[in-house]
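The values are calculated or read from the model by the stated rules, or taken from the named source; none is laboratory data. Bear in mind the structure is a predicted one, so any value in this text is a computation, not a measurement. In this analysis, Cβ positions are derived from the backbone assuming ideal geometry, glycine residues included, and neighbour counts consider all displayed protein chains.
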Amino acid sequence: MAEESKLDESNGSNANAPSSVSTITSEVGKKRKAVRTRSPVWEHFEKYDDSDGAPRARCKYCSSNYAANTSFNGTSTLSGHLQKCKKNPNNVETSQAKIGFHQAPKDQKGEGSMSIWKFDQELCRKALAKMIILDEQPFSSVEKEGFRYFLSVAQPQFRISSRKTVTRDCFELFSEEKQKLKTFFKENNQRICLTTDTWTSIQRINYLCLTGHFIDKDWKLHKRILNFCPVSSHKGDDMAIAITKCLLDWGLDKVFTVTVDNASSNDVTVKELSKQFSKWGTNLMDGHHLHVRCMAHVINLIVQDGLKEIGDSVRRVRQAVRYIRQSPARIKRFKDCCEIEKITSKRSLCLDVATRWNSTYLMLKAAQEFENAFVSYGNLDPGLLEYLLLYVCEDGKIAGALTSDDWANVRRMEKFLETFYNLTLRVSGSLYVTSNVHFHEIGELYCVLKLLTEGDDINLSLMARKMKAKFDKYWGVPQKMNKMIFVSCVLDPRFKFDYVAFVLLRMYGQEKGEKMRDEVKTYMTSLFDEYRKVTSKTFGVLSDSHCSTMDLSSRINFGSIHKGTLIQQEYLKHKAESGCMDAKSELDRYLGEEIEVANEQFDILLWWKMNSPRFPSLADMARHVLAIPISTVASESAFSTGGRVLDSFRSSLTPRLVQALVCVQDWLRNESSPVKTEEELDHLERLESGVYLISFYVIIILFLIAYRLMMPIFNCFPRFSQ
């Protein structure tokens with residue numbers, strides 16, 4: 001009895017055992033029921049055993065795990081985690097939100113907006129990473145004393161990260177944005193147009209910039225830098241391999257065109273890419289229109305040939321500008337002359353770069369506004385005339401003071417170059433469609449050169465002849481031109497095919513023009529057939545020989561005849577056997593309609609968006625054709641960014657980090673900001689002078705090193721050692 005009472009007491013004492021003991025075995029071998037957990041935290045955690053058999057508890061919301069041995073661990077830690085868990089839906093934010101006022105952007109009108117604001121450490125870290133990327137700041141800027149003091153005043157709650165943490169945050173942001181872009185390409189599965197260019201950094205690393213251009217389903221034009229990666233060399237084969245790897249990484253195998261400059265290595269690159277696309281089975285029309293030459297580069301070559309015949313008046317203006325800009329005192333004296341002559345122009349004298357014709361245009365445009373100031377300055381400073389007398393023209397004549405004839409020649413030259421300057425700006429846009437005006441601008445340039453060649457001005461006529469010879473090299477043989485130059489113009493409802501045929505006859509004569517007109521019509525019809533087949537597969541539309549009965553019944557108006565009558569069925573069968581009016585008539589209907597009224601407010605993408613239901617296959621083709629960039633400015637603009645990134649603060653960055661910074665900066669920036677096609681002339685001058693200065697220092701350093709190495713040899717000879 002005593003033993004039984006002891007057993008009962010022991011059993012009674014174990015009635016309040018911890019919940020971790022699921023069963024209790026008595027001496028007679030009976031098992032007790034599992035004891036229910038009493039703490040409410042177990043509704044949000046699940047138990048499991050780790051690899052060592054120790055009990056653990058895992059949060060059902062964020063998967064955080066804690067020790068759960070009830071003999072040693074309580075539930076206080078679990079309760080504390082449950083209150084702080086950000087993914088716990090039962091948590092209610094108790095902190096009070098503040099009202100924040102957002103100012104309106106500078107380029108928009110308005111008074112801003114108000115919204116609630118709450119401090120978030122993670123969002124602030126991401127915003128800091130975006131600031132470093134967008135403003136091209138060095139990573140060490142987060143550790144600067146001034147930056148830390150500013151944040152301690154603006155937001156004391158924010159814990160500033162180290163430079164290593166900011167670097168990791170930038171990489172995470174790059175990976176996140178890249179995955180978003182990959183998902184977009186995968187979901188849309190459309191063709192993309194590419195521009196590419198190469199560049200060598202101050203570290204002697206060859207970089208290749210690959211930019212994608214596409215029009216989305218909402219008919220909005222986009223530009224994205226896909227890669228800014230190192231390449232082994234500028235050879236065509238190596239560049240083709242690098243571009244292929246980039247496309248495979250992005251999952252892009254449908255490329256419509258590749259726009260490159262006129263380097264011979266790019267010809268090899270496009271040929272190798274065409275072979276690769278053929279292997280993938282995505283090379284449309286066997287790659288006949290894959291290679292697009294940069295129109296801006298062609299214009300540059302044309303004008304450069306013409307400027308070889310530049311007159312002495314322009315050279316004298318250049319020397320006068322150089323003389324005044326050589327001294328701050330001369331610049332101040334020149335400004336005083338401007339005040340005396342009441343010249344209110346806000347421009348400043350700029351010196352051109354001999355290899356950049358657009359800088360020559362900007363120099364002449366600024367100088368001709370200060371004609372009277374130059375005359376006054378020549379009276380105050382005799383040194384200007386002496387400086388010009390030291391300058392000898394190419395024909396051996398000694399240059400003198402600037403005369404009224406010189407300024408008349410400068411004004412004519414400025415007007416002459418203005419045409420090509422504005423043309424370059426129009427074709428270099430990246431925020432609007434440019435392919436539709438490609439052929440139009442070629443025809444305009446042809447007319448301008450023809451008028452100048454036949455003009456009375458001998459100097460301009462000589463320049464125009466030089467430029468016409470270069471024009472004929474690239475656009476004088478229409479059979480060698482990319483057919484997309486003409487197709488894109490046909491797809492502009494303001495021009496269409498009649499305009500293209502008219503310009504071809506004017507430029508190349510009756511025989512060549514008619515032949516080229518027929519070739520363009522045949523090529524466009526073949527290209528449209530390719531898109532019609534894709535549309536048929538996508539939407540289930542039957543081919544020419546098997547026309548859809550349902551499609552025909554929707555086009556035919558039978559009036560009071562019932563759609564199920566036998567005569568209708570026989571008629572539809574007859575049309576199906578003989579070849580019905582298929583989607584191929586889309587092209588005929590489009591070309592047969594009246595052209596749209598040409599005005600500056602016309603939006604070609606909006607027109608196709610509104611008319612795409614009427615021309616589904618043709619609209620699909622237009623989405624790809626109109627996305628073609630006719631210049632490589634979009635890729636070249638990344639190199640100016642790369643030059644700023646690879647400054648003295650970031651000269652040690654790895655190519656992988658450089659690519660992340662350049663790409664994510666392009667993805668995060670607002671697309672409404674245009675690509676800057678013109679570089680600051682003062683910056684170019686400082687850059688060139690900096691290159692010369694660095695070269696001078698390098699020569700001195702090499703001389704000292706050589707002298708140091710030769711000292712032991714000199715010491716062997718008494719005469720040299722003395």
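Here are a few things to note about the model shown:
- Identity of the residue in region 254-284, modelled with pLDDT of 90 or more and in a loop (DSSP other than H, G, I, E, B), that ends up surrounded by the fewest Cβ atoms within 10 Å (Cβ to Cβ): G281
- Among (1) part of a helix (DSSP H, G or I); (2) touching a residue at least 40 places away in the same chain (Cβ under 8 Å); (3) not hydroxyl-bearing (S, T, Y), the one test that V353 misses: (1)
- Tallying residues that are farther than 13 Å from S617 by Cβ and either at pLDDT 90 or above or of a type in the set (K, R) (or both) within region 514-541 yields 11.
- Restricting attention to region 436-464, the residues that are of a type in the set (G, A, S) and part of a loop (DSSP other than H, G, I, E, B) total 1.
- Filtered residues of region 127-175 (kept if small (G, A, S) and farther than 20 Å from Q659 by Cβ): A127, S140, S141, G146, S152, A154, S161, S162
- Residue match in region 396-406 (condition: polar (S, T, N, Q), assigned by TED's automatic domain parsing to the domain that holds M484, assigned to a helix (DSSP H, G or I) and surrounded by fewer than 21 Cβ atoms within 10 Å (Cβ to Cβ)): no
- Scope region 364-385; condition crowded, with 20+ Cβ neighbours inside 10 Å and farther than 17 Å from C338 by Cβ; matching residues: L364
- Here S140 clears all of (1) touching a residue at least 40 places away in the same chain (Cβ under 8 Å); (2) surrounded by 11 or more Cβ atoms within 10 Å (Cβ to Cβ); (3) in the same structural domain as N283 (by TED's automatic domain parsing) except the condition numbered (3).
- Qualifying residue in region 308-326 (condition: within 40 Å of the chain's Cα centre (by Cα), part of a loop (DSSP other than H, G, I, E, B) and without any contact (Cβ under 8 Å) to a residue 40 or more places away in the chain): yes
- Scanning region 334-354 for residues being surrounded by 14 or more Cβ atoms within 10 Å (Cβ to Cβ) and either more than 18 Å from E369 (Cβ to Cβ) or not assigned by TED's automatic domain parsing to the domain that holds Q368 (or both) gives a total of 1.
- Against the list (1) surrounded by 14 or more Cβ atoms within 10 Å (Cβ to Cβ); (2) at pLDDT below 90; (3) assigned by TED's automatic domain parsing to the domain that holds M621, the condition D551 fails is (3).
- Selected residue (criterion: surrounded by the most Cβ atoms within 10 Å (Cβ to Cβ)) from residues of region 231-253 that are in contact with a helix residue (DSSP H, G or I) (Cβ under 8 Å, 6 or more places away or on another chain) and among the acidic types (D, E): D253
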